[in-house]
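Please read the structure below before turning to the comments.
The values are calculated or read from the model by the stated rules, or taken from the named source; none is laboratory data. These numbers come from a predicted model, not from an experiment. Cβ placement follows ideal geometry from the backbone for every residue including glycine, while neighbour counts extend to all protein chains displayed. Protein only, heavy atoms only, side chains kept; ligands, DNA and RNA dropped before computing areas. Shrake-Rupley method; radii C 1.70, N 1.55, O 1.52, S 1.80 Å.
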Amino acid sequence: MAGTPEHTPLDLPEGDPFGPHNLPYGIFSEGADGERRVGVRLGDHVLDAGAAAAALGSPYVSLLARPTLNPLLAAGRTAWSDVRRALTAWLTVPAHRETVLPLLHPLSSVTLHLPFEVADYVDFYASENHASNLGRLFRPDEEPLKPNWKHLPVGYHGRSGTVVVSGTDVVRPSGQRKGPADPAPVFGPSVRLDIETEVGYVVGAPSAQGTAVPLSSYRDHVFGLCLLNDWSARDIQAWETVPLGPHLGKSFATSISAWITPLEALDAARVPAPERTYPLLPYLDDSDPADDPAGYDLRITVSLNGHVISEPPFSGMYWTGAQMLAHMTVNGASLRTGDLYGSGTISGTEDNERGSLIEITWNGQHPLELPDGKRGFLEDGDVVTLSAWAPGPHGTKVGLGDVTGRITAAPH
């Protein structure tokens, strides 16, 4: 009687969201101080992609045997497709099993790092529901949206040096704050620390300064997506924002997931943008049915200390990643390999679909009731986790790696 075939990391359970149809990229090491290497996630294991390329005699070893994803990002769209095709073969063709199996490491045994060197960081404001909610909160006697909002993707430049990988603690920021009734500003730790549930776009191929990137070139420049939490100190932000916009209230930390999901893995999740309220200027106009849709049906879950508090849908975002990229470069600003831009907070139409605590609790007026107490905003020790999946080919799911952060007290 033949024995039962040995189960290996290559033999995934049916429906695993990190199967060969996904294959997100990250950077891992064996031990926190070990050599950093490009990894590709398969189930609950990570493939040493550079070692696999070397063992199989692949020409892509020069892109994969690196301590960061930047060389692969810079290689461009044709290389991205070719490398993905090779990785799929290495992990699915039986002839490669003996070579590949020793190069798969349990996720529980490795340390994950920031997957790429961040060049510039821009954060947008692309959810109509989120922008409208904040408008109603802070300008109750005015129209919720400012006149420009439906004509261009509003955004601001952030601080790339404080982008951190999932699992990094977030130190409560300090700064100036002033309530409406306070006679003067005070300095101290933020007392209205918040989350922003976002999706990040990772730029690979650069562009020349003085040259705009059109909508049609989105997939030539954007390598993939990640989950992003743009932590926000609402009290610091409120005092400093007028007249120039966010600064210290946003720049202290932005967390991203350890895994970058390539755009090709999300083809089955692409959806058209919502109907436009006004005709758009030509460089933003995506009304032609032949245009490549750049919206995505991502199903996101927000948890606070292990309790689900929101499930914002990404499919309803007013501005797409292609439009954000086109607007970001229409003045001639260049793209650099490793540029990151965020969607802005994702909120749906329902109360349980809001992507920030300022919306969920209506600026603290209606605190969340959690088993460990009420929350208007975040307290020290709180742990926030964003997770997501998208529809994949043939009824599968594509997992987007979690992004988690724990709040620690401000230094004395």
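Structure values in brief
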item	result
Translational diffusion of segment 197-290, µm² s⁻¹ [Kirkwood Rh, Cα pairs; Stokes-Einstein; 37 °C; 0.692 mPa s]	199
Other-chain or far-sequence residues with amide H under 5 Å of Leu42's (modelled H)	Leu47
Principal axis dimensions, segment 273-412 - Cα atoms, whole angstrom, descending	51, 42, 30
Where N is the number of residues in segment 15-77, Cα Rg divided by 2.2 N^0.38 Å	1.12
Spin-label model distance (nm) - Glu275 vs Ala410, 7 Å beyond Cα toward Cβ	4.8
Compactness of segment 61-120 as Cα Rg over 2.2 N^0.38 Å, two decimals	1.31
Inter-probe distance in nm under a simple model that places probes 7 Å from Cα toward Cβ, at Glu350 and Glu264	3.6
Most to least packed among 297-307, 122-132 [average Cβ atoms within 10 Å]	122-132, 297-307
Accessible area expressed per residue, the chain, with surrounding protein chains retained (probe 1.4 Å, Å²)	44
Solvent-accessible area, 1.4 Å probe, carbon plus sulfur percent, for the chain	53
Those aspartates and glutamates that a straight Cα-Cα span of less than 18 Å connects to Lys374, excepting residues fewer than 8 apart in one chain	Asp194, Asp351, Glu359, Asp382
Segments 139-152, 360-373, 29-42, 321-334 sorted - mean Cβ within 10 Å per residue, highest first	321-334, 29-42, 360-373, 139-152
Packing rank of 51-57, 270-276, 230-236, where each peptide gets the mean count of other beta carbons within 10 Å, highest leading	230-236, 51-57, 270-276
Cα-based reach from Lys150 at 28 Å (exclusive), listing lysines while leaving out same-chain residues under 8 positions away	Lys250
Inter-label distance for Ser174 and His394, nm, one decimal - labels placed 7 Å from Cα along Cα-to-Cβ	5.8
Of Leu378, Leu386, Leu280, the one that fluctuates the most in a GNM where the chain has Cα springs shorter than 10 Å	Leu280
Residue-averaged 222 nm ellipticity for the chain, from DSSP H runs of 4+ at -39500 (n - 2.57), nearest 500	-4500 deg cm²/dmol
Cα-based helix-to-principal-axis angle, 128-138 vs the chain, degrees rounded to 10	30
Equivalent ellipsoid semi-axes - Cα gyration tensor, the chain, angstrom	36, 25, 20
Reduced Cα scattering model of segment 1-154, Debye log10 I(q)/I(0), q = 0.08, 0.09, 0.19 Å⁻¹	-0.37, -0.45, -1.10
Alpha-carbon centroid distance for the pair segment 326-390 / segment 1-71, whole angstrom	31
Relative contact order for segment 103-225, counting Cα pairs under 8 Å that sit 6 or more residues apart, in percent	18
